[in-house]
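In what follows, a single structure is set out as structure tokens and then discussed.
The values are calculated or read from the model by the stated rules, or taken from the named source; none is laboratory data. Values in this document were obtained by computation on a predicted structure and should not be read as measured data. For neighbour counting, all protein chains shown are included, and Cβ atoms are generated from backbone atoms with ideal geometry for every residue, glycine included. Surface accessibility is based on the protein's heavy atoms, side chains included, excluding ligands, DNA and RNA. Shrake-Rupley method; radii C 1.70, N 1.55, O 1.52, S 1.80 Å.
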Amino acid sequence: MSKHIEYRKFDEMGNLRAEKVGTAQYTVRGAMAVLRASGFRPMVDDGRKLHRCWTNGRGTNAYIL
């Protein structure tokens, strides 16, 4: 199953400012590797292996869809 990455940028008040949907197709593990290499980390570290929501800590969130 091919997945893509969607990026959402928020301001300091939590308002959505920009949204971008990537065109590259990945497996879930491949998308996780791309995000980790780009400086993202899972939003919640609950012990799961496949995280779908990621953040870079500077207002940009990434979602594997």
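Highest-first packing order for the peptide set 48-54, 3-9 is 3-9, 48-54, based on the mean count of other beta carbon atoms within 10 Å.
Under a 5 Å amide H cut-off, with hydrogens placed 1.01 Å from N, G22 pairs with I5, E6, Y7 among residues at least 5 apart or on other chains.
Taking the Cα centre of the chain as reference, the dipole from Cβ charges on Lys and Arg (+1) and Asp and Glu (-1) amounts to some 220 debye. Out of G39, G14, G30, any idea which swings most in a Gaussian network model of the chain, alpha carbons joined below 10 Å? Its mean-square fluctuation being the largest, the pick is G14. In units of the compact-protein estimate 2.2 N^0.38 Å, the chain shows a Cα radius of gyration of 1.08. The share of accessible area on the range 18-59 that comes from carbon and sulfur is 52 percent, using a 1.4 angstrom probe. Once the chain from E19 to E6 is taken as fully extended at 0.36 nm per residue, the excess over their C-alpha distance is 3.9 nm.
Of the listed residues M32, M43, the order by accessible area with a 1.4 Å probe, largest first, is M43, M32. Think of the chain as a dipole: +1 on every Lys or Arg Cβ, -1 on every Asp or Glu Cβ, centred on the Cα centre; then among G59, S38, T27, T27 lies furthest on the positive end.
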